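Reading through the structure tokens given below for one structure.
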Amino acid sequence: SGVYRTLPIVFHEESAHELYLVCKDLLGNSVEDIETFFVDATGPNTWSTFEGPHYSDQYSEWIDGVSTVVINAEDPEPHPSRVETSYYRFELVDDSYCEGDEDWQTTPIDDESWTVYEEPFSIDEESCHVIESYSIDNLGNIGGVNAHFVFVDKTPPKTDKDVGTPSLNCSEDPSSCEDDWD
């Protein structure tokens, strides 16, 4: 009467576990319980995509200043507890990263440079940027940091027309142009 015992039970494998309990008192009264526990020990996968102008060749990616960055995250199977929060940061880096010539080393996630992701964002400054992101699930499992390199290009192309010879300037006196001339 009023005496409780605790028995720590630890599930190490990521899976569904059924626990069968039978408790008896000194008078032989018993109660049975069956419960299922899902173990999620894997952090979410996080990646970034773009909305708006975007171009990619097999080596590099480009976005415009009006393009927005979307942070995506998913807690993987077999028993996801769902994503609680995603974080991101971006910074200007050397062009060699966007050209795939350098390996990126991310800094620890425990510093204050990370921002909670709430909505798509844009990058105003032109040049190569790294966009880093990671997520935490509802059990506190932290996923790996994803690094995405992209050029931000807000400069329109320059057009230049070079007219070779023979040529005739028809803009001053259109009557001087012959029928077969462009």
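The values are calculated or read from the model by the stated rules, or taken from the named source; none is laboratory data. Only a predicted model underlies this, so the values are computations on that prediction, with no experimental measurement involved. Every residue, glycine among them, receives a Cβ derived from its backbone with ideal geometry; neighbour counts consider all protein chains shown. All accessible areas refer to the heavy atoms of the entire protein, side chains included, with ligands and DNA or RNA removed. Shrake-Rupley method; radii C 1.70, N 1.55, O 1.52, S 1.80 Å.
Evaluate the range 12-32: report whether one residue or more is out of contact with any His (no Cβ under 7 Å at 6 or more places or on another chain), of a type in the set (S, T, N, Q) and modelled with pLDDT of 85 or more.
Within the range 12-32 (the criterion being out of contact with any His (no Cβ under 7 Å at 6 or more places or on another chain), of a type in the set (S, T, N, Q) and modelled with pLDDT of 85 or more), the answer is yes, since at least one residue qualifies.
Give the number of residues within the range 45-70 that are open to solvent by less than 70 Å² (accessible area, probe 1.4 Å) and closer than 18 Å to Glu119 by Cβ. Break it down into steps so the answer makes sense when it comes.
Start the filter on the range 45-70 by keeping residues that are open to solvent by less than 70 Å² (accessible area, probe 1.4 Å), which leaves 46, 48-50, 52-53, 56-57, 60-61, 63-65, 67-70.
Filter again for closer than 18 Å to Glu119 by Cβ, leaving 46, 48-50, 52, 63, 65, 67-70.
Final tally of qualifying residues: 11.
I'm trying to understand the selection: among the residues of the range 99-117, which are without any contact (Cβ under 8 Å) to a residue 40 or more places away in the chain and either of a type outside the set (A, V, I, L, M, F, W, C) or on the phi > 0 side of the Ramachandran plot (or both)? If you could, list the steps in order and put the result at the bottom.
Quick first cut of the range 99-117, residues without any contact (Cβ under 8 Å) to a residue 40 or more places away in the chain only: 101-103, 105, 107-116.
Of everything in the range 99-117, those that are without any contact (Cβ under 8 Å) to a residue 40 or more places away in the chain and either of a type outside the set (A, V, I, L, M, F, W, C) or on the phi > 0 side of the Ramachandran plot (or both) turn out to be Asp101, Glu102, Asp103, Gln105, Thr107, Pro108, Asp110, Asp111, Glu112, Ser113, Thr115.
(1) assigned to a loop (DSSP other than H, G, I, E, B); (2) surrounded by fewer than 12 Cβ atoms within 10 Å (Cβ to Cβ); (3) touching an Asp or Glu at 6+ places or on another chain (Cβ under 7 Å): which one isn't true of Leu19, the others all being true?
It is condition (1) that Leu19 fails.
If I filter the range 118-136 for residues that are open to solvent by 20 Å² or more (accessible area, probe 1.4 Å), in a strand (DSSP E or B) and without any contact (Cβ under 8 Å) to a residue 24 or more places away in the chain, do I get at least one hit?
no
Residue pairs, Cβ under 7 Å, 6 or more apart or interchain, first in the range 1-30 and within 19 Å of His79 (Cβ to Cβ) and free of Cβ contacts under 8 Å to residues at least 60 places away in the same chain, second open to solvent by 70 Å² or more (accessible area, probe 1.4 Å) and among the hydrophobic types (A, V, I, L, M, F, W, C). List them.
Listed pairs, sorted by first residue: Phe11/Phe37; His17/Phe37; Glu18/Ile34; Leu19/Ile9; Leu19/Phe37.
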